[in-house]
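J.: Here you go, one structure.
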Amino acid sequence: MQSLLDDIYREVLPLMGQGKVADYIPALACVPPDQFGIAICDNNGRTCSVGDAATPFSIQSISKVFNLVLAMNHYGEGLWQRVGCEPSGLPFNSLVQLEYENGIPRNPFINAGALAISDMNQSRFASPHLAIRDFIRRVSGNPDISANHEVADSEYEHRARNAASAYLMKAFNNFENEVEDVLYSYFYNCALEMTCVDLAKASNFLANRGYCEFSDERILSSAQTSQVNALLATSGMYNEAGSFAFQVGLPGKSGVGGGIIAVVPGRFSICVFSPALNTMGNSTQGVAALTSLTRRINWSVY
Ligand code: GLN
C-alpha cells in the first residue's frame with residue numbers, strides 16, 4: 001500500500017495547483033493551492049498515507065455524508081419522503097430543479113438535499129451541529145476534531161443561495177425549522193476541519209458493511225451501507241458523477257475544501273486532499289489521484 005501511494009504521489013505531483021481554490025467562501029480563498037495528501041484505511045483500521053495527509057482542511061460537503069448517516073439512523077425509510085435518490089446532473093448549489101420538483105431535492109448530497117437532511121437532524125437533536133461533530137469524532141477516533149469558526153461565519157455571511165433553497169423548501173412545506181437555525185448547523189458542519197487520515201478512518205464503516213473499527217460499533221446495517229454507497233456513486237460528485245464513475249469507478253464524495261473520500265467496498269476507504277478545484281467544484285489533483293489508484297489496483301465497483 002505504501003509504495004502504491006508513493007507512486008501515485010509522484011504521478012500527480014506535476015498537477016499541483018492546477019485549478020482554482022474555492023473563493024465564493026472568502027475564508028477559504030486564502031488556502032495555499034499547492035498541497036496534496038492521500039490516506040488509506042483498511043478494514044482492520046490500519047492506515048497509510050503520503051504528502052499532506054496530516055494537514056487539517058475544511059471538510060465542506062463531505063460533512064453531508066455524516067449528516068445523512070445520522071438522519072438515516074433515526075428516520076429510516078421515512079427519510080426518502082423528503083429527499084430523492086436520483087442524481088441531479090447540475091451544480092451542487094443549483095436552484096432550478098427544486099422549484100420544478102415541488103421543493104423535494106434530488107438527493108442528499110446537493111446543497112438543497114443536505115439542508116433538508118439538516119432540517120431533519122435539527123428536529124431531532126438539541127444541538128445538531130454538536131451531534132454531527134461528536135459523531136464524526138467517534139467514527140474517526142479523533143476527539144479533537146472541531147470547526148473553524150471563521151469559515152463558518154464567512155459561509156453564514158454569504159449564505160444567500162443556501163438560504164434561498166431552504167426558503168423555497170419551506171414554501172413547499174418541506175422544511176420544519178427556522179431556516180437561519182438550520183443554516184447555522186449546516187455551515188458549522190461544513191467548517192469542521194479534518195486531515196486525510198481522519199477522513200479515511202471516519203468513512204471506513206462504508207467500506208466495512210457499516211461497522212466502525214474505531215468506535216467498535218455498528219453505524220449502519222449492511223443494506224443501508226449499500227444504499228449510501230450507491231448514492232455516493234451516483235450523486236457524490238455532482239455534475240461530474242458520470243465521468244467519476246467512468247474513470248474512477250468508486251463511490252465518492254467531494255467538498256469545496258479540496259477533499260474527496262472514496263470507498264472500495266469490502267476493502268478500504270480513501271481520502272485525498274488538494275485544494276485547487278476543477279469547474280465542477282471537485283479537487284483536480286484528487287480526481288487524478290483516485291483515477292491513478294483504481295487503475296493501479298485494477299478495481300472498480302462496476
Ligand atoms: N458549504 C458549502 C456550500 O454550501 C459546501 C459546498 C461543497 O463543498 N460542494 O456551498
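The values are calculated or read from the model by the stated rules, or taken from the named source; none is laboratory data. As the structure is a computational prediction, the values presented were derived from the model and not from experiment. Don't worry about glycine lacking a Cβ; one is built from the backbone with ideal geometry, like all the others, and counts go over all protein chains shown.
J.: I'd like the residue in the range 115-136 that is free of Cβ contacts under 8 Å to residues at least 12 places away in the same chain and either in a helix (DSSP H, G or I) or of a type in the set (Val, Ile, Thr) (or both) and, out of all such residues, is nearest to ASN189 (Cα to Cα). So that I can check it myself, show each step before the final result.
T.: Just the residues of the range 115-136 that are free of Cβ contacts under 8 Å to residues at least 12 places away in the same chain, to begin with: 125-127, 130, 134.
Okay, now just the ones that are also either in a helix (DSSP H, G or I) or of a type in the set (Val, Ile, Thr) (or both), so 130, 134.
Numbers: LEU130: 8, ASP134: 11 Å.
The extreme case among them is LEU130.
J.: Please go through the range 273-291 and give me each residue that is farther than 20 Å from CYS30 by Cβ, within 12 Å of the ligand (Cβ to nearest atom) and crowded, with 22+ Cβ neighbours inside 10 Å, ordered by number.
T.: Selection gives ASN282 alone.
J.: Only one residue in SER146, SER203 is in contact (Cβ under 8 Å) with a residue 60 or more places away in the chain and either surrounded by fewer than 19 Cβ atoms within 10 Å (Cβ to Cβ) or within 16 Å of the ligand (Cβ to nearest atom) (or both). Which one? Before you say what the answer is, go through the steps one by one.
T.: Working: SER146 fails: in contact (Cβ under 8 Å) with a residue 60 or more places away in the chain.
Selected residue: SER203, the only one of SER146, SER203 that is in contact (Cβ under 8 Å) with a residue 60 or more places away in the chain and either surrounded by fewer than 19 Cβ atoms within 10 Å (Cβ to Cβ) or within 16 Å of the ligand (Cβ to nearest atom) (or both).
J.: Could you tell me which residue of the range 79-112 is farthest from the ligand (Cβ to nearest atom), considering only residues that are small (Gly, Ala, Ser) and touching a residue at least 60 places away in the same chain (Cβ under 8 Å)?
T.: Residues of the range 79-112 small (Gly, Ala, Ser): 84, 88-89, 94, 103, 112.
Filter once more, keeping what is touching a residue at least 60 places away in the same chain (Cβ under 8 Å): 88-89, 103.
On the way: SER88: 12, GLY89: 15, GLY103: 18 Å.
Checked the range 79-112; the qualifying residue farthest from the ligand (Cβ to nearest atom) is GLY103.
For (1) of a type in the set (S, T, N, Q); (2) closer than 22 Å to PHE36 by Cβ, each residue gets a yes or a no:
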| site | (1), (2) |
| --- | --- |
| LYS201 | no, yes |
| GLN224 | yes, no |
| SER235 | yes, no |
| VAL248 | no, yes |
| THR294 | yes, yes |
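J.: Please go through the range 248-302 and pick out each residue that is of a type in the set (Phe, Trp, Tyr) and either without any contact (Cβ under 8 Å) to a residue 24 or more places away in the chain or under 24 Å from THR55 (Cα atoms) (or both). Spell out how you get there, then give the answer.
T.: Initially, the range 248-302 is screened for residues of a type in the set (Phe, Trp, Tyr), giving 268, 273, 299, 302.
Result: PHE268, PHE273.
So that you can scan it fast, the table gives a plain yes or no per residue for (1) under 25 Å from HIS149 (Cα atoms); (2) among the aliphatic types (A, V, I, L, M); (3) within 15 Å of the ligand (Cβ to nearest atom); (4) surrounded by fewer than 24 Cβ atoms within 10 Å (Cβ to Cβ):
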{"residue": "TYR24", "(1), (2), (3), (4)": "yes, no, yes, yes"}
{"residue": "PRO33", "(1), (2), (3), (4)": "yes, no, no, yes"}
{"residue": "ALA39", "(1), (2), (3), (4)": "no, yes, no, no"}
{"residue": "GLY45", "(1), (2), (3), (4)": "no, no, no, yes"}
{"residue": "THR55", "(1), (2), (3), (4)": "yes, no, no, yes"}
{"residue": "ILE59", "(1), (2), (3), (4)": "yes, yes, yes, no"}
{"residue": "ILE62", "(1), (2), (3), (4)": "yes, yes, yes, no"}
{"residue": "VAL65", "(1), (2), (3), (4)": "yes, yes, yes, no"}
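J.: With respect to ILE270, determine if the residue is in a strand (DSSP E or B) and either under 24 Å from SER118 (Cβ atoms) or within 16 Å of the ligand (Cβ to nearest atom) (or both).
T.: Details: in a strand (DSSP E or B): yes; either under 24 Å from SER118 (Cβ atoms) or within 16 Å of the ligand (Cβ to nearest atom) (or both): no.
So ILE270 fails the test.
J.: What are the pairs with Cβ atoms under 9 angstrom where one residue, in the range 153-177, is farther than 19 Å from ASN189 by Cβ and at pLDDT 95 or above and the other, located anywhere, is aromatic (Phe, Trp, Tyr) and not in a helix (DSSP H, G or I)? Sequence gap at least six, or different chains.
T.: Listed pairs, sorted by first residue: TYR167/PHE175; LEU168/PHE175.
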